[in-house]
Amino acid sequence: MTNAFFLTGTDTEVGKTVSSRAILQAACQRNIQMAGYKPIASGSEETAEGLRNSDALFIQEASPVELTYQEVNPYTFKEPVSPHLAAEREGKTIDFDVLSQGLAHLKAKSDVVLVEGAGGWRVPVTRTDFLSTWVKREKLPVILVVGIKLGCLSHAILTAEAIEADGLELVGWVANRVNPGVENYAEMIKMLELNLPGVKLGEIPYMPGINKRDLSSYIQLEKLGL
(Lines give C-alpha, C1' and ligand atoms only; values in the text may rest on other atoms or scores of the structure.)
Protein backbone atom coordinates (compact mmCIF):
# COMPACT_ATOMS: atom_id res chain seq x y z
CA MET A 1 0.00 0.00 0.00
CA THR A 2 1.29 3.47 -0.90
CA ASN A 3 2.09 5.30 2.33
CA ALA A 4 1.71 8.91 1.14
CA PHE A 5 -0.21 10.92 -1.46
CA PHE A 6 0.09 14.57 -2.47
CA LEU A 7 -3.16 16.43 -3.09
CA THR A 8 -3.05 19.46 -5.39
CA GLY A 9 -5.62 21.61 -7.13
CA THR A 10 -6.27 23.12 -10.53
CA ASP A 11 -6.05 26.52 -8.81
CA THR A 12 -6.53 28.09 -5.41
CA GLU A 13 -10.05 28.02 -3.90
CA VAL A 14 -11.11 24.88 -5.77
CA GLY A 15 -11.82 22.74 -2.72
CA LYS A 16 -8.53 21.09 -1.80
CA THR A 17 -9.30 21.15 1.91
CA VAL A 18 -12.89 19.99 1.38
CA SER A 19 -11.52 17.09 -0.65
CA SER A 20 -8.79 16.37 1.91
CA ARG A 21 -11.41 16.21 4.67
CA ALA A 22 -13.59 13.92 2.56
CA ILE A 23 -10.63 11.56 1.99
CA LEU A 24 -9.64 11.63 5.68
CA GLN A 25 -13.24 10.98 6.73
CA ALA A 26 -13.46 8.09 4.26
CA ALA A 27 -10.25 6.67 5.72
CA CYS A 28 -11.75 6.87 9.19
CA GLN A 29 -14.82 4.96 7.98
CA ARG A 30 -12.53 2.21 6.63
CA ASN A 31 -10.40 2.11 9.81
CA ILE A 32 -7.34 3.36 7.93
CA GLN A 33 -4.94 5.29 10.15
CA MET A 34 -4.41 8.26 7.84
CA ALA A 35 -2.60 11.44 8.88
CA GLY A 36 -3.39 14.77 7.26
CA TYR A 37 -0.43 17.07 6.50
CA LYS A 38 -0.65 20.71 5.37
CA PRO A 39 3.04 21.64 5.37
CA ILE A 40 2.55 25.23 4.13
CA ALA A 41 -0.43 27.46 4.84
CA SER A 42 -0.92 31.16 4.16
CA GLY A 43 -3.74 33.28 5.54
CA SER A 44 -3.84 32.59 9.27
CA GLU A 45 -5.23 34.17 12.43
CA GLU A 46 -3.50 34.98 15.70
CA THR A 47 -4.84 32.88 18.58
CA ALA A 48 -3.80 32.25 22.17
CA GLU A 49 -1.84 29.25 20.87
CA GLY A 50 -0.19 31.21 18.05
CA LEU A 51 -0.93 31.53 14.33
CA ARG A 52 -3.59 29.08 13.17
CA ASN A 53 -4.77 28.41 9.62
CA SER A 54 -8.38 27.34 9.19
CA ASP A 55 -7.61 24.75 6.48
CA ALA A 56 -4.92 23.14 8.63
CA LEU A 57 -7.33 23.07 11.59
CA PHE A 58 -9.96 21.32 9.48
CA ILE A 59 -7.37 18.74 8.42
CA GLN A 60 -6.20 18.26 12.00
CA GLU A 61 -9.79 17.70 13.15
CA ALA A 62 -10.58 15.23 10.36
CA SER A 63 -7.40 13.13 10.67
CA PRO A 64 -8.04 9.63 12.04
CA VAL A 65 -4.59 9.87 13.66
CA GLU A 66 -4.48 12.33 16.56
CA LEU A 67 -1.99 15.08 15.71
CA THR A 68 -0.77 18.36 17.17
CA TYR A 69 -1.16 21.50 15.11
CA GLN A 70 2.60 21.74 14.53
CA GLU A 71 2.66 18.18 13.19
CA VAL A 72 -0.02 19.09 10.66
CA ASN A 73 1.27 22.53 9.67
CA PRO A 74 4.97 23.37 10.23
CA TYR A 75 4.91 26.55 8.10
CA THR A 76 2.08 28.91 9.06
CA PHE A 77 2.01 32.39 7.52
CA LYS A 78 -0.32 35.24 8.41
CA GLU A 79 -0.87 36.97 5.07
CA PRO A 80 -3.24 35.33 2.53
CA VAL A 81 -0.71 35.53 -0.30
CA SER A 82 1.51 33.15 -2.25
CA PRO A 83 3.85 31.22 0.09
CA HIS A 84 6.99 32.78 -1.38
CA LEU A 85 5.69 36.29 -0.62
CA ALA A 86 4.34 35.32 2.80
CA ALA A 87 7.70 33.80 3.75
CA GLU A 88 9.66 36.80 2.45
CA ARG A 89 7.50 39.27 4.38
CA GLU A 90 8.03 37.34 7.61
CA GLY A 91 11.78 36.95 7.02
CA LYS A 92 11.54 33.16 6.72
CA THR A 93 12.71 30.54 4.24
CA ILE A 94 10.71 27.45 3.37
CA ASP A 95 13.14 24.56 3.82
CA PHE A 96 12.32 21.36 1.94
CA ASP A 97 14.20 19.36 4.59
CA VAL A 98 11.69 20.57 7.20
CA LEU A 99 8.84 19.38 4.97
CA SER A 100 10.53 16.00 4.52
CA GLN A 101 11.18 15.58 8.24
CA GLY A 102 7.53 16.31 8.97
CA LEU A 103 6.41 13.81 6.34
CA ALA A 104 8.72 11.08 7.67
CA HIS A 105 7.44 11.72 11.20
CA LEU A 106 3.81 11.32 10.09
CA LYS A 107 4.61 8.19 8.08
CA ALA A 108 5.95 6.65 11.28
CA LYS A 109 2.72 7.51 13.13
CA SER A 110 0.23 6.32 10.51
CA ASP A 111 -0.62 3.86 7.77
CA VAL A 112 -0.73 6.55 5.11
CA VAL A 113 -0.23 10.32 4.90
CA LEU A 114 -2.34 12.72 2.85
CA VAL A 115 -0.29 15.82 2.04
CA GLU A 116 -2.30 18.86 0.96
CA GLY A 117 -0.49 21.41 -1.14
CA ALA A 118 -0.95 25.18 -1.32
CA GLY A 119 -2.54 26.76 -4.36
CA GLY A 120 -1.96 24.95 -7.64
CA TRP A 121 0.77 22.63 -8.88
CA ARG A 122 3.36 25.35 -9.60
CA VAL A 123 2.83 27.39 -6.45
CA PRO A 124 6.12 29.19 -5.70
CA VAL A 125 7.91 28.80 -2.37
CA THR A 126 10.80 31.11 -3.35
CA ARG A 127 11.39 33.49 -6.24
CA THR A 128 12.91 30.63 -8.24
CA ASP A 129 11.48 27.37 -6.91
CA PHE A 130 8.13 25.66 -6.44
CA LEU A 131 6.44 23.23 -4.06
CA SER A 132 6.28 20.74 -6.92
CA THR A 133 10.09 20.42 -6.68
CA TRP A 134 9.68 18.94 -3.20
CA VAL A 135 6.90 16.60 -4.38
CA LYS A 136 9.25 15.37 -7.11
CA ARG A 137 12.01 14.84 -4.54
CA GLU A 138 9.67 12.73 -2.42
CA LYS A 139 8.30 10.92 -5.49
CA LEU A 140 4.73 11.23 -4.21
CA PRO A 141 1.78 9.99 -6.24
CA VAL A 142 -0.62 12.87 -6.88
CA ILE A 143 -4.36 13.39 -6.42
CA LEU A 144 -5.84 16.33 -8.34
CA VAL A 145 -8.83 18.34 -7.12
CA VAL A 146 -10.79 19.89 -9.98
CA GLY A 147 -13.06 22.77 -9.02
CA ILE A 148 -15.93 22.32 -11.46
CA LYS A 149 -16.54 25.71 -13.05
CA LEU A 150 -16.12 27.39 -16.41
CA GLY A 151 -12.50 26.97 -17.53
CA CYS A 152 -11.76 23.94 -15.37
CA LEU A 153 -11.26 21.54 -18.28
CA SER A 154 -8.20 23.35 -19.63
CA HIS A 155 -6.82 23.94 -16.12
CA ALA A 156 -7.23 20.27 -15.20
CA ILE A 157 -5.71 18.86 -18.39
CA LEU A 158 -2.76 21.29 -18.29
CA THR A 159 -2.12 20.48 -14.62
CA ALA A 160 -2.20 16.75 -15.37
CA GLU A 161 0.29 17.26 -18.20
CA ALA A 162 2.62 19.22 -15.90
CA ILE A 163 2.46 16.53 -13.21
CA GLU A 164 3.31 13.79 -15.70
CA ALA A 165 6.04 15.94 -17.30
CA ASP A 166 7.60 16.13 -13.83
CA GLY A 167 7.84 12.34 -13.82
CA LEU A 168 5.06 11.78 -11.27
CA GLU A 169 1.92 9.69 -11.45
CA LEU A 170 -1.51 11.27 -11.27
CA VAL A 171 -3.26 8.38 -9.55
CA GLY A 172 -6.68 9.94 -9.05
CA TRP A 173 -8.83 13.05 -9.13
CA VAL A 174 -11.79 14.52 -7.30
CA ALA A 175 -14.49 16.67 -8.86
CA ASN A 176 -15.63 19.41 -6.47
CA ARG A 177 -18.65 21.42 -7.53
CA VAL A 178 -17.69 24.94 -6.46
CA ASN A 179 -20.39 26.67 -8.52
CA PRO A 180 -23.95 25.35 -8.02
CA GLY A 181 -25.13 27.15 -11.15
CA VAL A 182 -22.47 25.84 -13.52
CA GLU A 183 -23.93 24.73 -16.82
CA ASN A 184 -23.11 21.44 -18.57
CA TYR A 185 -21.87 19.79 -15.37
CA ALA A 186 -22.37 16.22 -16.63
CA GLU A 187 -20.58 17.00 -19.88
CA MET A 188 -17.64 18.49 -17.98
CA ILE A 189 -17.33 15.36 -15.85
CA LYS A 190 -17.43 13.18 -18.97
CA MET A 191 -14.63 15.20 -20.58
CA LEU A 192 -12.51 14.87 -17.45
CA GLU A 193 -13.14 11.12 -17.32
CA LEU A 194 -12.01 10.83 -20.94
CA ASN A 195 -8.94 13.06 -20.68
CA LEU A 196 -7.47 12.82 -17.19
CA PRO A 197 -5.14 9.99 -16.16
CA GLY A 198 -5.89 8.21 -12.91
CA VAL A 199 -9.24 7.19 -11.49
CA LYS A 200 -12.11 9.42 -10.46
CA LEU A 201 -12.23 9.08 -6.69
CA GLY A 202 -15.54 10.90 -6.35
CA GLU A 203 -17.72 13.92 -6.96
CA ILE A 204 -18.44 16.32 -4.11
CA PRO A 205 -21.62 18.33 -4.65
CA TYR A 206 -22.07 21.96 -3.77
CA MET A 207 -23.75 22.29 -0.38
CA PRO A 208 -24.03 24.92 2.37
CA GLY A 209 -22.09 24.37 5.57
CA ILE A 210 -19.84 21.88 3.82
CA ASN A 211 -17.05 22.24 6.40
CA LYS A 212 -19.34 20.77 9.07
CA ARG A 213 -20.51 17.75 7.09
CA ASP A 214 -19.44 14.13 6.84
CA LEU A 215 -18.28 13.80 3.23
CA SER A 216 -16.93 10.25 3.43
CA SER A 217 -19.66 8.79 1.22
CA TYR A 218 -18.49 10.88 -1.74
CA ILE A 219 -15.02 9.28 -1.89
CA GLN A 220 -14.10 5.77 -3.04
CA LEU A 221 -10.74 5.07 -1.41
CA GLU A 222 -10.71 1.48 -2.63
CA LYS A 223 -9.86 2.87 -6.08
CA LEU A 224 -6.46 3.83 -4.62
CA GLY A 225 -5.94 0.36 -3.21
CA LEU A 226 -6.64 1.52 0.34
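Out of all the residues in the stretch 158-189, which are in contact with a helix residue (DSSP H, G or I) (Cβ under 9 Å, 6 or more places away or on another chain) and under 11 Å from Trp121 (Cβ atoms)? Hits for the stretch 158-189 are Ala160, Ala162, Ile163, Asp166, Leu168, Leu170. Among the residues of the stretch 22-45, those identified as of a type in the set (Ser, Thr, Tyr) and over 11 Å from the mean Cα position of the chain (by Cα) are Ser42, Ser44.
Results for (1) open to solvent by 20 Å² or more (accessible area, probe 1.4 Å); (2) aromatic (Phe, Trp, Tyr), shown as yes or no for each residue.
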| position | (1), (2) |
| --- | --- |
| Thr2 | yes, no |
| Phe5 | no, yes |
| Thr8 | no, no |
| Val14 | no, no |
| Ser19 | no, no |
| Leu24 | no, no |
| Pro39 | no, no |
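Within the stretch 173-202, the set of residues being of a type outside the set (A, V, I, L, M, F, W, C), in contact (Cβ under 8 Å) with a residue 40 or more places away in the chain and within 13 Å of Val18 (Cβ to Cβ) comprises Asn176, Gly202.
Matching residues to (1) in contact (Cβ under 8 Å) with a residue 60 or more places away in the chain; (2) farther than 18 Å from Thr2 by Cβ:
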{"site": "Ser82", "(1), (2)": "no, yes"}
{"site": "Leu85", "(1), (2)": "no, yes"}
{"site": "Ile94", "(1), (2)": "no, yes"}
{"site": "Lys109", "(1), (2)": "yes, no"}
{"site": "Val113", "(1), (2)": "yes, no"}
{"site": "Ala118", "(1), (2)": "yes, yes"}
{"site": "Trp121", "(1), (2)": "yes, yes"}
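For the stretch 107-117, the condition holds for at least one residue, the condition being that it is in contact with a helix residue (DSSP H, G or I) (Cβ under 9 Å, 6 or more places away or on another chain), of a type in the set (Gly, Ala, Ser) and not in a helix (DSSP H, G or I). Among the residues of the stretch 49-72, those identified as in a loop (DSSP other than H, G, I, E, B) and either buried (at least 18 other Cβ atoms within 10 Å of the Cβ) or of a type in the set (A, V, I, L, M) (or both) are Asn53, Ser63, Pro64, Val65, Leu67. Got at least one residue in the stretch 200-214 being surrounded by fewer than 13 Cβ atoms within 10 Å (Cβ to Cβ), modelled with pLDDT of 95 or more and not in a helix (DSSP H, G or I)? No, the stretch 200-214 has no match at all. Going by the structure shown, is Val98 hydrophobic (A, V, I, L, M, F, W, C), surrounded by fewer than 21 Cβ atoms within 10 Å (Cβ to Cβ) and either in a helix (DSSP H, G or I) or at pLDDT below 95 (or both)? Here the answer is yes, as Val98 does meet what is asked.
Entry remark, the stretch 113-134: residues being under 14 Å from the mean Cα position of the chain (by Cα) and of a type outside the set (Ser, Thr, Tyr) number 12 in total.
Residue count for the stretch 134-181 under the criterion of being crowded, with 21+ Cβ neighbours inside 10 Å and either hydroxyl-bearing (Ser, Thr, Tyr) or at pLDDT below 95 (or both): the result is 1.
Does Arg122 satisfy the criteria of being part of a helix (DSSP H, G or I), out of contact with any Gly (no Cβ under 8 Å at 6 or more places or on another chain) and on the phi < 0 side of the Ramachandran plot? The answer is no for Arg122. Inspect all residues belonging to the stretch 23-45 and state whether any of them is outside any loop (DSSP other than H, G, I, E, B) and free of Cβ contacts under 8 Å to residues at least 60 places away in the same chain. Yes, the stretch 23-45 contains at least one residue that is outside any loop (DSSP other than H, G, I, E, B) and free of Cβ contacts under 8 Å to residues at least 60 places away in the same chain.
The values are calculated or read from the model by the stated rules, or taken from the named source; none is laboratory data. Only a predicted model underlies this, so the values are computations on that prediction, with no experimental measurement involved. Note that we place each Cβ from the backbone using ideal geometry, even for glycine, and neighbour counts take in every protein chain shown. Heads up: the accessible areas ignore ligands, DNA and RNA and are worked out on the full protein's heavy atoms, side chains in. Shrake-Rupley method; radii C 1.70, N 1.55, O 1.52, S 1.80 Å.
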